[in-house]
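Below is one structure, written out as structure tokens; comments come after it.
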Amino acid sequence: MNEPVYPEPTVAAIIMNKEFKILLIKSYKWKNKYVLPGGHIEFGESMKEALKREILEETGLEIFDIKFISFFEYIFGEEYYKKSHFIFFNYHCKTTNSEVSLNSEASEFEWVGPDKALELPLEFYTRKTIIEYLKL
């Protein structure tokens with residue numbers, strides 16, 4: 001008998017550096033489009049704890065001043081490399097360090113102004129999150 005499959009709660013963040021630029025990473029999992037750093041929430045972990053852990057793992061950055069922006073649901077979309085159902089919890093946060101150390105999940109990164117970010121090839125929900133952020 002197959003185990004039931006559930007939606008996966010995930011966190012991601014618009015990370016702003018001291019120059020007021022945000023970090024985007026290019027991910028093979030999202031058809032080599034730019035995405036916000038983040039990932040899944042582990043059992044027993046708060047969303048903010050998960051966000052800090054995922055950002056540190058993916059970028060080497062420590063973050064602070066974490067504020068909620070939005071949430072979206074992703075069900076079996078075509079942009080992700082495998083069939084998935086995510087619930088994205090999106091945040092804004094700050095970092096004092098701009099020296100990024102990528103792990104194997106990303107091939108490159110960009111620090112760009114939020115308006116300039118919208119000119120890049122972004123994953124759909126990354127674009128929506130940045131647009132929501134710009135409304136704040």
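Charged neighbours of Tyr81, selected by a Cβ distance under 13 Å, balance to +1 (K, R count +1; D, E count -1). The trypsin sites (Lys or Arg not before Pro) of segment 16-109 that meet both conditions, a loop assignment by DSSP and at most 16 other Cβ atoms within 10 Å of the site Cβ, are Lys18, Lys31, Lys82, Lys83. Entry note, the chain: relative contact order of 34 percent, from Cα contacts under 8 Å with a spacing of 6+ residues.
According to the Cα-based calculation, Rg over Rh for the chain is 0.95, with Rh computed by the Kirkwood formula. Mean residue ellipticity, 222 nm, helices only, the chain: the sum of -39500 (n - 2.57) across DSSP H runs of n ≥ 4, divided by residue count and rounded to 500, is -6000 deg cm²/dmol.
Straight-line cross-link partners of Lys52 among the aspartates and glutamates, defined as a Cα under 19 Å from its Cα and at least 8 positions apart when in the same chain: Glu8, Glu42, Glu62, Asp65, Glu99, Glu105.
Here's the list of lysines a cross-link from Lys83 could span, going by alpha-carbon distance under 22 Å and ignoring same-chain residues fewer than 8 apart: Lys26, Lys29, Lys31, Lys33, Lys128. PRE reach from Ser107 (point 7 Å along Cα→Cβ): which of segment 33-76 fall under 12 Å by backbone N? 33-34, by backbone N distance to the label point.
The numbers here are math on the coordinates, done by the rules we state, and not lab data. Owing to the predicted nature of the structure, the values given are computational and were not obtained by experimental measurement. Glycine also receives a Cβ, built like all others from the backbone with ideal geometry; neighbour counts cover every protein chain displayed.
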